[in-house]
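Just so it is clear, none of the values below were taken in a lab; they were calculated from the coordinates. None of the values given here were measured: they were computed from a predicted structure. Virtual Cβ from ideal backbone geometry, glycine too; neighbours counted across all protein chains shown.
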Amino acid sequence: MKKDYKKHFNIHDIVRLVQHLVKDEQYGYGFMLMIGSTLGYKIGMLLEMKWENFVDTDGKCLSEIRTGISEPRPVTLFLKGFIEYVYQKSDNPLLDSSPFVNHETKERFNTRNLNRELRRIQKKYASVVGMPYPLETDTMRRVFGLSVWDKWHYQNAALGVLRKHYGHNSDKMTRAFLMIPEKLTTYKVNEVYDCYDPKWSYETIAL
């Protein structure tokens, strides 16, 4: 039976989880899940980023996020508030340090062990957030794609943009990754990296 694409995490699930992670001072995991789910970076590229990719010397969020090898990605108002909130809560760390550090061990995340850690997080917070689907590194890229797909009303044109973003060879491959059904109607899609921009700030939902 083909899986229904709606039977997966969406951005609102991620926001609820991040709220609890930040409340428990798990800033590295919260930051990774939010950035990964709203900007769609590959996990290896994401973990190589430093605070200087996100904030300036005054701790203010940059208007664009750059990695040096990918196109600059605009920062929405929601994401700006979240980045500055976590940076301040993390006691304004050095700009050349990593945001993706385990609060307990003080060690940077690595891709090899990350899925195991995400399963641990899922087990810990499942009762308060509700997470019936596997939480893994691909979840973030999938949530990003489904946010774009949802914003553009399930149009094939969105798949074409996402295919280029993911580096897939075909729209069919992108559909398989996102686990979404066939759709027919198409129209132009431009806005990709601002697909999640609610009309409220992160500070208003911080626990």
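Charging the Cβ of each Asp and Glu at -1 and of each Lys and Arg at +1, and nothing else, the dipole of the chain about its Cα centre rounds to 980 debye. Summing Lys and Arg as +1 and Asp and Glu as -1 over all other residues whose Cβ lies under 9 Å from the Cβ of ILE43 gives a net charge of +1. Which label marks the calculated value of Cα extents along the principal axes in Å, given the options (1) 54, 37, 34; (2) 59, 37, 31; (3) 49, 36, 33? Computed from the coordinates, Cα extents along the principal axes in Å corresponds to (3). Each of THR67 and LEU95 was given a label point 7 Å from its Cα along the Cα-to-Cβ line. The distance between the two points is 2.1 nm.
With a cut-off of 14 Å between beta carbons, the residues surrounding LYS89 carry a summed charge of -4, where Lys and Arg count +1 and Asp and Glu -1. Need one word for the range 46-153: rounded, prolate or oblate. Basis is the Cα gyration tensor (sqrt eigenvalues a ≥ b ≥ c); a/c below 1.5 gives rounded, then a/b vs b/c decides. It comes out oblate by the Cα gyration axes. Here each label is just a point 7 Å from Cα along the line to Cβ, and for ARG16 and MET45 those points are 3.0 nm apart. Between ARG119 and GLU107, the modelled label-to-label distance comes to 1.8 nm, taking each label 7 Å out from Cα in the direction of the beta carbon.
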